[in-house]
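This report refers to the structure that appears directly beneath it.
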Amino acid sequence: MFPERTAAFPIGLLIIGVLVTIWSYIDPHDRFTWWLEALPALIAAVLLWATYRRFRFTDLAYGLIFVHAVILLIGAHYTYAEVPPFNWLRDTYDLSRNHYDRIGHFAQGFVPAMVARELLLRTSPLERGRWLFALVVLSCLGISAAYELLEWAAAEVSGEAAASFLGTQGDNWDTQKDMALALVGATTALLVLGRLHDRLLARLD
């Protein structure tokens, strides 16, 4: 049912990712914001490259990480509040804001959930079940909360320079909504992709 795993898929994603990074880096909306937004994707790429021979993820995990990185790099180039297609949606349908950041925070739960699930199942005694589900979801909430704390710290240190990084767009409840979306994303990933993930993991045994 599934093709044999080869290095072609992750290497192909890496090449495309490098091209997207170059595009994202050229003439961004704000260089300081670019580094703040793109740094998680760059760090993830370095870590995955460095650990590839010792611990190779499933192609599903690599694909999801790639999609998340592209979301981050697009947001880094334009800033999350100014991604053009979502500005068009805002203006056309009289929306309250540019909602691209909502996609980013949903992915912030969706993608780490599958990565955490794979790490726990392959490197710990934890087995499939309610505890795995709970620990993965709580881990993703922790990641989301840590990111919100990072945004706050950046704003405290740099002042107005971090306004684009914060991206609240005047919403007093933006932080809470971001974490709620990460929660929904993590839960959705486990419910929708759990069985597929299990089949892919079974091929590694």
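Points to keep in mind about this one:
- Boolean, Tyr78 is more than 19 Å from Val111 (Cβ to Cβ) and among the hydroxyl-bearing types (Ser, Thr, Tyr): yes
- Qualifying residue in segment 186-198 (condition: loosely packed, with under 13 Cβ neighbours inside 10 Å and either at pLDDT below 90 or of a type in the set (Asp, Glu) (or both)): yes
- One residue stands out among those in segment 96-126 that are more than 17 Å from the chain's Cα centre (by Cα) and of a type outside the set (S, T, N, Q): the one that is farthest from Val192 (Cα to Cα), which is Arg97.
- Residue check for Leu72: surrounded by 21 or more Cβ atoms within 10 Å (Cβ to Cβ), modelled with pLDDT of 95 or more and closer than 24 Å to Asn172 by Cα: yes
- When the helices (runs of 4 or more DSSP H) confined to segment 1-114 are screened for residues that are among the charged types (D, E, K, R), those reaching at least 1 such residues are found at 31-51, 59-78, 84-92.
- Of the residues making up segment 78-103, those that are at negative phi, β-branched (Val, Ile, Thr) and touching a helix residue (DSSP H, G or I) at 6+ places or on another chain (Cβ under 9 Å) are Val83, Ile103.
- Extreme residue, farthest from the chain's Cα centre (by Cα), among residues of segment 67-95 that are in contact (Cβ under 8 Å) with a residue 24 or more places away in the chain and over 25 Å from Ala113 (Cβ atoms): Glu82
- Options Ala145, Ala162, Ala154: the member that is in contact with an Asp or Glu (Cβ under 8 Å, 6 or more places away or on another chain), at pLDDT below 95, closer than 23 Å to Gly75 by Cβ and assigned to a helix (DSSP H, G or I): Ala162
- For segment 33-47, residues that are over 15 Å from Ala81 (Cβ atoms) and either in contact (Cβ under 8 Å) with a residue 60 or more places away in the chain or not aromatic (Phe, Trp, Tyr) (or both) total 10.
- Scope segment 94-119; condition more than 21 Å from Val136 (Cβ to Cβ) and either surrounded by fewer than 21 Cβ atoms within 10 Å (Cβ to Cβ) or of a type in the set (Lys, Arg) (or both); matching residues: Asp94, Leu95, Ser96, Arg97, His99, Arg102
The values are calculated or read from the model by the stated rules, or taken from the named source; none is laboratory data. Keep in mind it's a predicted model, so treat the numbers as computed, not measured. Because the Cβ atoms are built from the backbone with ideal geometry, glycine has one as well, and the counts that use them run over all protein chains shown.
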